[in-house]
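Read-outs throughout are calculated quantities, based only on the coordinates presented, and are distinct from any laboratory measurement. Values in this document were obtained by computation on a predicted structure and should not be read as measured data. Methodologically, a virtual Cβ is constructed for each residue, glycine included, from the backbone with ideal geometry; neighbour enumeration extends over all protein chains shown.
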Amino acid sequence: MVSSGTCQASFYTDEGSRTANGETFHTSAFTAAHKTLPFNTRVRVTNVNNGKSVVVRINDRGPFVANRCLDLTPAAFNTISSTSAGVATVKFEVLQG
């Protein structure tokens, strides 16, 4: 693990659009948006309320909502919470290679 922190995470749905690194966005992928982490960085995201975690790869920029540090795809968010919750408090860990 390289670094970690706690923040609010949400999800977004832009199926078929292009991510900031040029990939096609897929709601079923395990990817995420972060404002500054390098593209292709792997991040373990753990819901602090239930202990469920998922590893995502950064391929987009965002979120653009105050107090949020990650936007996950619906597939990744559903692994740790319910999309009906909208937002989850998470611990994130930046993983090495």
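Evaluated against (1) surrounded by 12 or more Cβ atoms within 10 Å (Cβ to Cβ); (2) part of a strand (DSSP E or B), ASN21 falls short on exactly one condition, (2).
Please work out which residue is nearest to SER4 (Cα to Cα), limiting yourself to the range 32-72 and to residues that are charged (D, E, K, R) and surrounded by 21 or more Cβ atoms within 10 Å (Cβ to Cβ).
Residue satisfying both the conditions and the ranking: ASP71.
Under the condition of being over 14 Å from the mean Cα position of the chain (by Cα) and in contact (Cβ under 8 Å) with a residue 60 or more places away in the chain, which residue from the range 1-47 is nearest to ASN67 (Cα to Cα)? Among residues in the range 1-47 that are over 14 Å from the mean Cα position of the chain (by Cα) and in contact (Cβ under 8 Å) with a residue 60 or more places away in the chain, the one nearest to ASN67 (Cα to Cα) is SER3.
Within the range 73-97, restricting attention to residues that are among the hydroxyl-bearing types (Ser, Thr, Tyr) and not in a helix (DSSP H, G or I), the residue that is surrounded by the most Cβ atoms within 10 Å (Cβ to Cβ) is THR73.
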